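Take a look at the structure below.
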């Protein structure tokens, strides 16, 4: 679709400025006429003094409407200036300024560019014809007065050439600066339009990206719910088969069904707080990953050129499937960003921490120093995943360079805790590998489990 033609319209403030300019120049024309009369620039052949007032009004008043009707104002000012010079009204300086401003305004504000060119060219050609005719008559008069024409005409010819050069510069300057002002305004308008379009496109892209990310989370929710429902179906079928022969076994199966139903409802409620139903489809496969799969992410990151260490701190706890998927995706996004932006020679460190209150995944990378974080779609997706799991996300630049991403999700206190090995010293970890980057906090001490019942 072709762009609309550029149209330049004066604002109310600019129109008020034109009126102020006309008033100032009117005062200047009165003062210039008075001083020119005292200086006797035309001698005894000058027009009556009262004509200076009329001329000052005629040459400056139209400037108050110069942006509204630039062509009419330019013609009116030039006609007033021509009559003033012809009848030798004692004022020429403010008139020169007014004519320059009017010619400039035609080039800068007239929307019909062909008409703007025609008006300016016609005025300039007419003025030069008038100037040449005036110079010719003056030269003839000076030649008749001179006893030796060649000797007297030489200084006069030089003076006329200077006048001709000044007029060329005068009219060329008015034409050039008017055209340049129009082009600058047009470029500025195009830039503002493109900026608005880019801003609108950025908002649309951000909304689409968030919607797609929510669709992926919704598909992962579908996998989790389908898993729970299928398990409940199998258990219900088994309970139906043994309900007559083994009532105790049936009670145990029904207890498992009840636990699965509660887990599904809890996980469903967490995600539905931040999701809405989008009107699109995605080709991403449903996620069935767990926290243990982060080790594969670390290996893939190392193979891709970002040396990455991996450590598990504390005794692993049962983690809901949705929480595991979201933490896995946060680790995946963080490592991807590190490979893109950390630069050459960077390293990364991934830690999974368990304590009695929850699980935490921390991804730290070295590399380029970051003065300030710029919010992006990746951060938005990670924050939504953390919020969907009922947790929090911290993304902070490191003083030594690189970035630290820490996602923490609290776990239900009724979740089973693994028994601690009596032979293990307090504060021991399930991994013996030291982190590549020192952790500012001491390792968590495994706690005594509150319950050993299987979920």
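Read-outs throughout are calculated quantities, based only on the coordinates presented, and are distinct from any laboratory measurement. Only a predicted model underlies this, so the values are computations on that prediction, with no experimental measurement involved. Please note: Cβ atoms are built from the backbone with ideal geometry, for glycine as well, and neighbour counts cover all protein chains shown.
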Contour minus end-to-end for residue 199 and residue 113, with contour as 0.36 nm per residue of separation and end-to-end as the Cα-Cα distance?
27.8 nm
Region 1-42 to region 325-392: how many Å between their Cα centroids?
62 Å
Taking the Cβ of each residue in 81, 136 as the centre, tally the other Cβ atoms inside 10 Å and list the residues starting with the fewest.
136, 81
Over region 291-410, consider all pairs of different Cα atoms and compute the Kirkwood hydrodynamic radius from their mean reciprocal separation; express it in Å, one decimal.
14.3 Å
For the residues 137, 266, what sequence is obtained by ranking on other C-beta atoms within 10 Å, fewest first?
137, 266
Rank these for me by crowding, 54, 166, 317, going from fewest to most other beta carbons within 10 Å.
166, 54, 317
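Evaluate Rg over Rh across region 12-198, taking Cα atoms for both radii and Kirkwood's formula for Rh. Working shown, then result.
Numbers: Rg = 19.6 Å, Rh = 18.4 Å.
In region 12-198, Rg relative to Rh is 1.07.
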